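To keep things clear, I will list the structure first and then write my remarks on it.
The values are calculated or read from the model by the stated rules, or taken from the named source; none is laboratory data. Predicted, not measured: the structure shown is a model, and the values here were computed from it. Cβ placement follows ideal geometry from the backbone for every residue including glycine, while neighbour counts extend to all protein chains displayed.
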Amino acid sequence: MRPATVLATATLCLALLVTGCGVPLDDGPRAIDRSTTSQTTLVSPAAGDGENLSIYFFRDERLEDQQVPADRDPTVDDAIKAVLGEPEPPLTTLIPTGTELLGFELDGQTAVIDLSEDIQGFTGPEQKGAYAQLVFTALATGEATSVQFKVSGEAVKAPTDNGNRDLVVANDYDAPLKPR
């Protein structure tokens, strides 16, 4: 190969490498939409490289933390998506079947969780238990210290042992809804 050809090929490869791997610059800071970021994939216990994901289900009438390995460091929205699934027996859930996460936002240290209308499938103690599952699951990652709920985009008061609350913290529940 002629030296001029080698030099031209190397220059072209270098130009492609430099321009093809760049990160576009913004004029200033911008918010990141979590809905476009990757989702946590739950994996078998032997395969996880990330931290464990804490999700809360019921054993009898008590909330219990279930550790599930994740393939990366878990976030609040990862945990909420996981708790909306079915647990392994003998654990159970009070979250109504079909409940979906419509949106999630971390507003300071408040997890704002927007759920589908299905969350209202129960009333009374069952509904309070479903919200407790969601609250303790959201708080378990340490990203949030309080939780606010929406149903189909509209703010709702969550049932707790301290009445219906706009903003819920762990101390709003007593045993057996408050895990040990």
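Within region 133-180, the only residue that satisfies the criterion of being surrounded by 19 or more Cβ atoms within 10 Å (Cβ to Cβ), among the small types (Gly, Ala, Ser) and either in contact with a Pro (Cβ under 9 Å, 6 or more places away or on another chain) or on the phi > 0 side of the Ramachandran plot (or both) is Ala140. Taking first residues from region 150-170 that are free of Cβ contacts under 8 Å to residues at least 24 places away in the same chain and closer than 21 Å to Gly124 by Cβ and partners that are surrounded by fewer than 17 Cβ atoms within 10 Å (Cβ to Cβ) and aliphatic (A, V, I, L, M), the Cβ contacts under 9 Å between residues at least 6 apart in sequence or on separate chains come to Asp166/Ala155. Those strands (runs of 3 or more DSSP E) of region 67-178 in which at least 3 residues are of a type outside the set (A, V, I, L, M, F, W, C) and at pLDDT 95 or above, considering only elements entirely within it, cover 101-107, 146-151, 163-165. On the stretch given as region 126-180, residues that are aliphatic (A, V, I, L, M) and closer than 17 Å to Asp65 by Cβ total 12. Within region 115-127, the residues that satisfy the criterion of being surrounded by fewer than 20 Cβ atoms within 10 Å (Cβ to Cβ) and in contact (Cβ under 8 Å) with a residue 12 or more places away in the chain are Ser116, Glu117, Asp118, Gln120, Gly121, Phe122, Glu126, Gln127. Evaluated against (1) within 17 Å of Pro176 (Cα to Cα); (2) surrounded by fewer than 16 Cβ atoms within 10 Å (Cβ to Cβ), Glu100 falls short on exactly one condition, (1). Here the condition is being under 19 Å from Arg59 (Cβ atoms), within 19 Å of the chain's Cα centre (by Cα) and among the β-branched types (Val, Ile, Thr); of Thr141, Thr137, Thr145, Thr92, it holds for Thr137 alone.
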